[in-house]
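*Asks:* Here's a structure for you.
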Amino acid sequence: MKKRVLIYILSVFTLGCVSCGDFLDEYSQNQRYAETAQDLDELLRGECFMAFQSSYYVSSQETMSYSSGLTMNYPWLHVMDDDAEEFVSGGLPYTDSYPRNVLGSFYHWGADPFLTLENTQYKDNDWEKFYKNIGVLNSIIYMANDFRSKEEDIELLNRVEGEARFLRAGYYFLLVNIYGMPYCKATASKDAGVPLKTSEHVEDKYFSRSSVEAVYSLIIEDLQRAAVCLKGITPSSTLRVGETAANALLSRVYLYMENYEACIAAANEAMGGAYSVMDLNNWTSGQNVVSWTSPETIFTQGGNSMILTFLSYTSGWSGSTPVNQAFSFQASEDLLECYAAGDLRRTAFFKSSLHAAIPDKYKTWVDYSDTDEVGMDFLIRLPEVILNKAEALAMLNREGEAKTELEKLLSKRFAVAPSVTETGEALIDFIRDERRRELCFEGHRWFDLRRYAVNSIRPLPENFRIRHQNNDYEANSMTWYENGYYELNAYTQDHAAWIVPIPNYAIEFNRGELQNEIRPNRELIRN
């Protein structure tokens, strides 16, 4: 039996290491036996949730050391869409580790996004971290079922299995939406997703991409089972998983799949929980809007890469002159223009620094003593569930019900909420814009644009594009100026650039069974 419960090291699956031996050597110190339900729970808590990186350790803008890969979770996800712009100010002789340099090739949708603007290659650690977690989760799910036959603590085993299945579903959801094609109803069975590994055993084989449909089928299966296992279980905090979180994530996944009736049903289940929308009429300056104790927060884990990516400024010197300098990103003008007069989110969600708008839904790095800091890398809030349901209703032409859902949110976001008068496609577009306004900088926008592109009812227009300005430095005057822009075309015309490439170490390890589409070189378009 011991061979079956040696669950950590023998089940870990990376899809990409120099060799199996090297990988086992690296992680052998974590080898352990699980003999009870409590052991499984401890393993789940210790090894399967995303690591939390507190902003306490952030003291300046030079925070993105990448020699062995970025330590925070996928910060590049937030700079590829139309909500981000470059933010440069002042002059520095050394910019190697600053966000603009490290994430610049993602911002430009470059052929190799992990090549910095100073032509230094760095490693994508996210792929490896996802599959490492999934390997442990596979074994926990297997052992939870095995322990039931021994009349172990059934309630604890249900919770452990429920949380494990939720996490596995969440990680596969992120994997397929980062490294795979978006879910298209007509072609999902053929479209390239990511490799699926669900066995608790180490398998002596190489892995290739599973279809997008296969990945989503596993996600749905896991979340449905998670909701059953977690029935009636109230998590101790929003840092743990309950039934509401499973249904909330289900509503998101069904929305992506255009299964609108199922989305509405899952949203209804999630909205029956003890959560409420924060009234911004009662918000005061400096208060967190998004936090792990907020009445809106259903689940949160991971760190807050936004804090490192959208830093306001750092003090420095240009020669003998003290200056405020910035080499990072800011909220785009296009996003800010989406907020109507009277929308309280424009003030509550952003702050001004060096004449730039910086995301400020949560305490920033200067407030390192904040004990309520939320993990933005994997966050589920009640407003998203409301918007999931509203969009599904609009897609089914149930417009009155969709507007009722919108009012639940807008009444808390305006002193006097505007009437929603749009109908038909205009209503769908309004809800999509509302998602952008409400969920900005929470990891939704890039995924949303991908799914809008292949939507069977209201696809993005063929002329849709994102333009990202580029700036250059004039040394004599010590000033920055805009010298052109990079352009990303619609998914149907430029789809390889909408998919993050699987890292080379995974491709090499699997002997070519994994493939990436070639991303085109992207030239600067001069003003």
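*Asks:* Just give me the residues in the range 107-131 being part of a helix (DSSP H, G or I) and surrounded by fewer than 20 Cβ atoms within 10 Å (Cβ to Cβ), in sequence order. Lay out the reasoning, then the answer.
*Replies:* Filtering the range 107-131 down to residues part of a helix (DSSP H, G or I) leaves 107, 125-131.
If the condition is that a residue be part of a helix (DSSP H, G or I) and surrounded by fewer than 20 Cβ atoms within 10 Å (Cβ to Cβ), then Asn125, Glu128, Lys129 are the ones that fit.
*Asks:* Still on this structure, please answer the following. Which one of Gly90, Gly104, Gly110 is assigned by TED's automatic domain parsing to the domain that holds Glu337 and at positive phi?
*Replies:* Numbers: Gly104 fails: at positive phi; Gly110 fails: at positive phi.
Selected residue: Gly90, the only one of Gly90, Gly104, Gly110 that is assigned by TED's automatic domain parsing to the domain that holds Glu337 and at positive phi.
*Asks:* A further question follows. Return the residues of the range 191-250 that are closer than 30 Å to Met271 by Cα, of a type in the set (Lys, Arg) and crowded, with 17+ Cβ neighbours inside 10 Å; say none if nothing qualifies. So that I can check it myself, show each step before the final result.
*Replies:* Restricting attention to the range 191-250, the residues satisfying the condition of being closer than 30 Å to Met271 by Cα are 212-250.
Cutting the leftovers down to of a type in the set (Lys, Arg) gives us 225, 231, 240.
Answer for the range 191-250, where residues must be closer than 30 Å to Met271 by Cα, of a type in the set (Lys, Arg) and crowded, with 17+ Cβ neighbours inside 10 Å: Arg225, Arg240.
*Asks:* So which residues in the range 339-361 are touching a residue at least 12 places away in the same chain (Cβ under 8 Å) and of a type in the set (A, V, I, L, M, F, W, C)?
*Replies:* Ala340, Leu344, Ala348, Phe349, Phe350, Leu354, Ala356, Ala357, Ile358
*Asks:* Please identify the pairs in which a residue from the range 113-129 that is under 19 Å from Ala496 (Cα atoms) has its Cβ atom under 8 Å from the Cβ atom of a residue that is in a strand (DSSP E or B), counting only partners at least 6 apart or on another chain.
*Replies:* Matching pairs, first to second residue: Phe114/Gln121; Leu115/Gln121.
*Asks:* Assess whether Ser237 counts as being touching a helix residue (DSSP H, G or I) at 6+ places or on another chain (Cβ under 9 Å) and not assigned by TED's automatic domain parsing to the domain that holds Asn388.
*Replies:* Values: touching a helix residue (DSSP H, G or I) at 6+ places or on another chain (Cβ under 9 Å): no; not assigned by TED's automatic domain parsing to the domain that holds Asn388: yes.
No, not satisfied.
*Asks:* Report yes if Val277 is touching a Lys or Arg at 6+ places or on another chain (Cβ under 9 Å), over 24 Å from Asn397 (Cβ atoms), buried (at least 20 other Cβ atoms within 10 Å of the Cβ) and touching a residue at least 60 places away in the same chain (Cβ under 8 Å), otherwise no.
*Replies:* Numbers: touching a Lys or Arg at 6+ places or on another chain (Cβ under 9 Å): yes; over 24 Å from Asn397 (Cβ atoms): yes; buried (at least 20 other Cβ atoms within 10 Å of the Cβ): no; touching a residue at least 60 places away in the same chain (Cβ under 8 Å): yes.
Taking the combined requirement at face value, the residue does not satisfy it.
*Asks:* Another question, if that's okay. Do we have any residue at all in the range 171-181 that's surrounded by fewer than 23 Cβ atoms within 10 Å (Cβ to Cβ), assigned to a loop (DSSP other than H, G, I, E, B), in contact with an Asp or Glu (Cβ under 7 Å, 6 or more places away or on another chain) and not hydroxyl-bearing (Ser, Thr, Tyr)?
*Replies:* no
*Asks:* For the range 143-160, does any single residue satisfy the condition of being more than 21 Å from Glu508 (Cα to Cα), within 25 Å of the chain's Cα centre (by Cα), surrounded by 18 or more Cβ atoms within 10 Å (Cβ to Cβ) and touching a residue at least 60 places away in the same chain (Cβ under 8 Å)?
*Replies:* Here is the first cut: in the range 143-160, the ones more than 21 Å from Glu508 (Cα to Cα) are 143-160.
Filter again for within 25 Å of the chain's Cα centre (by Cα), leaving 159-160.
Add one more test, that the residue is surrounded by 18 or more Cβ atoms within 10 Å (Cβ to Cβ), and what stays is 159-160.
Right, trim to touching a residue at least 60 places away in the same chain (Cβ under 8 Å) and you get 159-160.
Checking the range 143-160: at least one residue is more than 21 Å from Glu508 (Cα to Cα), within 25 Å of the chain's Cα centre (by Cα), surrounded by 18 or more Cβ atoms within 10 Å (Cβ to Cβ) and touching a residue at least 60 places away in the same chain (Cβ under 8 Å).
The values are calculated or read from the model by the stated rules, or taken from the named source; none is laboratory data. Here the structure is a predicted model, which is why all the values come from computation and not from measurement. Don't worry about glycine lacking a Cβ; one is built from the backbone with ideal geometry, like all the others, and counts go over all protein chains shown.
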